[in-house]
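Visitor: The structure under discussion is supplied below as structure tokens; questions concerning it will follow.
The values are calculated or read from the model by the stated rules, or taken from the named source; none is laboratory data. As the structure is a prediction and not an experimental result, all values here were calculated from the model. Please note: Cβ atoms are built from the backbone with ideal geometry, for glycine as well, and neighbour counts cover all protein chains shown. SASA here: full protein model, heavy atoms, side chains in, ligands and nucleic acids out. Shrake-Rupley method; radii C 1.70, N 1.55, O 1.52, S 1.80 Å.
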Amino acid sequence: MMEYAINRPLQCAAVHDLSGFGRCSLTVALPVLSAMGVQVSCLPTAVLSTHTGGFKGYTFRDLTADMGPFFRHWQREGFRFDALYTGYLGSEEQIQLVEEFLSVFRTDENCILVDPVMGDHGKLYTLYTEKMAAGMKRLCARADVIVPNMTEAAYLTGMEYRAEGHTEAYLQEMCEKLMALGPGKVVLTGVCPEKGRMGTACFEGGKMRIYAPARVDAAYDGTGDLFASVLLGALLRGRSLTKAVMLAADFTRDCVERSLHNGTDCHHGVDFEPALWRLGKAMMEEI
Ligand code: PXL
């Protein structure tokens with residue numbers, strides 16, 4: 001059968017920054033979701049020369065003033081989206097605008113994925129304030145799925161940050177506190193239940209599942225964005241949360257392994273391009 005006969009075109013609105021160099025946010029979400037058969041409409045929050053983690057002297061063009069007129073035009077055009085996907089936001093005002101954006105485009109059927117991009121390695125990102133962290137909680141309340149890393153989860157819940165040694169009791173408490181913010185499901189990333197293993201904990205329908213394969217010992221920028229984008233693509237293409245999490249975790253891990261093998265600088269993001277075809281192929285396989 002011809003491919004186009006079986007796949008309804010899916011549409012996603014992605015609210016992220018565009019960092020010119022250093023594979024993250026839109027430069028990850030666009031290729032990944034396109035490869036998975038999802039059209040991406042971009043609502044850019046800012047344009048930077050590079051991301052803010054690891055480069056000095058980057059430019060930062062704030063697009064807050066454009067965001068309202070941008071999505072109100074979409075509203076007048078009557079555009080509808082199967083998914084609303086939010087990531088890195090540059091100010092408190094942007095968070096308020098995104099709340100309005102979600103109210104406008106929310107339907108009974110679509111999926112809201114909020115990646116509460118706030119920090120990593122136990123610290124908030126440069127430019128990220130405590131007030132923005134409070135605003136991020138309100139966005140999480142509107143989400144069907146949130147995908148915080150352990151740093152973000154600690155800030156969102158007020159719990160102690162632990163880099164490793166994530167016991168089941170610690171993860172369970174974290175997931176329950178995140179669920180109390182109001183999202184439908186939680187996918188925690190950077191979970192290290194024991195030495196040498198790294199992965200995710202997902203919480204759905206009152207149950208937590210941990211998926212943590214053997215760890216690749218490296219920390220690349222943009223892997224959170226890669227994970228979230230693959231996860232959303234797989235969910236949109238009908239995969240269960242468990243299957244989608246496994247695909248996203250395995251794909252991200254493979255890309256880290258390839259980058260390490262290639263000697264890629266950790267601030268340049270991971271070498272995902274040679275493997276994009278695999279995502280397309282995975283979406284052609286049976287659900
Ligand atoms: O990958 C998260 C991210 C997205 N966008 C910008 C960032 C970061 C992390 O540092 O700086 C601009």
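Visitor: Could you pull out the residue among THR223, THR252 that is among the β-branched types (Val, Ile, Thr) and in contact with a Leu (Cβ under 6 Å, 6 or more places away or on another chain)?
Guide: Numbers: THR223 fails: in contact with a Leu (Cβ under 6 Å, 6 or more places away or on another chain).
Only one candidate passes the filter, namely THR252.
Visitor: With the requirement that a residue be more than 18 Å from LEU181 (Cα to Cα) and surrounded by 12 or more Cβ atoms within 10 Å (Cβ to Cβ), what does the stretch 105-121 give you?
Guide: First, pick out the residues of the stretch 105-121 that are more than 18 Å from LEU181 (Cα to Cα): 105-110, 119-121.
Residues satisfying the conditions are PHE105, ARG106, ASN110, GLY119, ASP120, HIS121.
Visitor: Sticking with this one: Applying the selection to the stretch 164-188, what residues are of a type in the set (Lys, Arg) and touching a Ser or Thr at 6+ places or on another chain (Cβ under 7 Å)?
Guide: Of all residues in the stretch 164-188, those of a type in the set (Lys, Arg) come to 177, 185.
Passing the criteria: only LYS177.
Visitor: Sticking with this one: Could you grab me the full set of residues in the stretch 194-239 that are open to solvent by 30 Å² or more (accessible area, probe 1.4 Å), within 16 Å of the ligand (Cβ to nearest atom) and among the β-branched types (Val, Ile, Thr)?
Guide: THR223
Visitor: Just the residues that are surrounded by 17 or more Cβ atoms within 10 Å (Cβ to Cβ) and in contact with a Gly (Cβ under 8 Å, 6 or more places away or on another chain), please, taken from the stretch 269-287.
Guide: To start, the set of residues in the stretch 269-287 that are surrounded by 17 or more Cβ atoms within 10 Å (Cβ to Cβ) comprises 269-272, 279, 282-283.
Of everything in the stretch 269-287, those that are surrounded by 17 or more Cβ atoms within 10 Å (Cβ to Cβ) and in contact with a Gly (Cβ under 8 Å, 6 or more places away or on another chain) turn out to be GLY269, VAL270, LEU279, MET283.
Visitor: Now for a different question. Which numbered condition trips up LEU260, out of (1) under 19 Å from LEU26 (Cα atoms); (2) among the hydrophobic types (A, V, I, L, M, F, W, C); (3) part of a helix (DSSP H, G or I)?
Guide: The single condition LEU260 does not satisfy is (1).
Visitor: Still on this structure, please answer the following. Count, please, the residues in the stretch 241-280 that happen to be more than 21 Å from SER19 (Cβ to Cβ), of a type outside the set (Val, Ile, Thr) and under 17 Å from the mean Cα position of the chain (by Cα).
Guide: Selection size over the stretch 241-280: 9.
Visitor: Those residues that are within 18 Å of PHE101 (Cβ to Cβ) and surrounded by fewer than 18 Cβ atoms within 10 Å (Cβ to Cβ), I need them from the stretch 21-39; list them, please.
Guide: Selection gives GLN39 alone.
Visitor: Select, from THR252, THR242, the only residue that is surrounded by fewer than 16 Cβ atoms within 10 Å (Cβ to Cβ) and either outside any loop (DSSP other than H, G, I, E, B) or in contact with a Pro (Cβ under 6 Å, 6 or more places away or on another chain) (or both). Explain how you work it out, then say what you get.
Guide: Values: THR252 fails: surrounded by fewer than 16 Cβ atoms within 10 Å (Cβ to Cβ).
Residue meeting the stated conditions: THR242.
Visitor: Which of (1) within 25 Å of TRP74 (Cα to Cα); (2) touching a Gly at 6+ places or on another chain (Cβ under 7 Å) is the odd one out, the single condition SER41 does not satisfy?
Guide: Among (1) within 25 Å of TRP74 (Cα to Cα); (2) touching a Gly at 6+ places or on another chain (Cβ under 7 Å), the lone unmet condition for SER41 is (2).
Visitor: Has the stretch 122-144 got any residue that is crowded, with 19+ Cβ neighbours inside 10 Å, at pLDDT below 95 and in a loop (DSSP other than H, G, I, E, B)?
Guide: yes
Visitor: Given the criterion hydrophobic (A, V, I, L, M, F, W, C) and under 15 Å from the mean Cα position of the chain (by Cα), identify the matching residue among LEU113, LEU127, LEU171, LEU178.
Guide: Working: LEU127 fails: under 15 Å from the mean Cα position of the chain (by Cα); LEU171 fails: under 15 Å from the mean Cα position of the chain (by Cα); LEU178 fails: under 15 Å from the mean Cα position of the chain (by Cα).
The match here is LEU113.
Visitor: Also: Within the set of pairs 6+ apart or on separate chains, which have a first residue in the stretch 215-229 that is free of Cβ contacts under 8 Å to residues at least 40 places away in the same chain, a second that is open to solvent by less than 30 Å² (accessible area, probe 1.4 Å), and C-beta atoms under 8 Å apart?
Guide: Pairs found: ARG215/CYS192.
Visitor: Would the stretch 213-230 turn up any residue that is out of contact with any His (no Cβ under 6 Å at 6 or more places or on another chain) and in a strand (DSSP E or B)? Show your work before the answer.
Guide: Taking the stretch 213-230 first, the residues out of contact with any His (no Cβ under 6 Å at 6 or more places or on another chain) are 213-220, 222-230.
Narrowing the set further to residues that are in a strand (DSSP E or B) leaves 214.
Yes, the conditions are met somewhere in the stretch 213-230.
Visitor: While we're on this one: I'd like the residue in the stretch 40-94 that is among the small types (Gly, Ala, Ser) and within 16 Å of the ligand (Cβ to nearest atom) and, out of all such residues, is most open to solvent (accessible area, probe 1.4 Å). Steps first, please.
Guide: Within the stretch 40-94, the subset among the small types (Gly, Ala, Ser) is 41, 46, 49, 53-54, 57, 65, 68, 78, 83, 87, 90-91.
Now narrow it down to the ones that are within 16 Å of the ligand (Cβ to nearest atom): 46, 49, 53-54, 57, 87, 90-91.
Numbers: ALA46: 1, SER49: 47, GLY53: 27, GLY54: 50, GLY57: 79, GLY87: 0, GLY90: 19, SER91: 28 Å².
Per the criteria, the residue is GLY57.
Visitor: Can you pull out every residue in the stretch 93-147 that is touching a residue at least 40 places away in the same chain (Cβ under 8 Å) and of a type in the set (Lys, Arg)? It would help to see each step written out before you state the result.
Guide: Step one: of the stretch 93-147, the residues touching a residue at least 40 places away in the same chain (Cβ under 8 Å) are 94-95, 98-99, 101-102, 105, 111, 113-117, 120-122, 125-127, 132, 135-147.
Within the stretch 93-147, LYS137, ARG138, ARG142 qualify.
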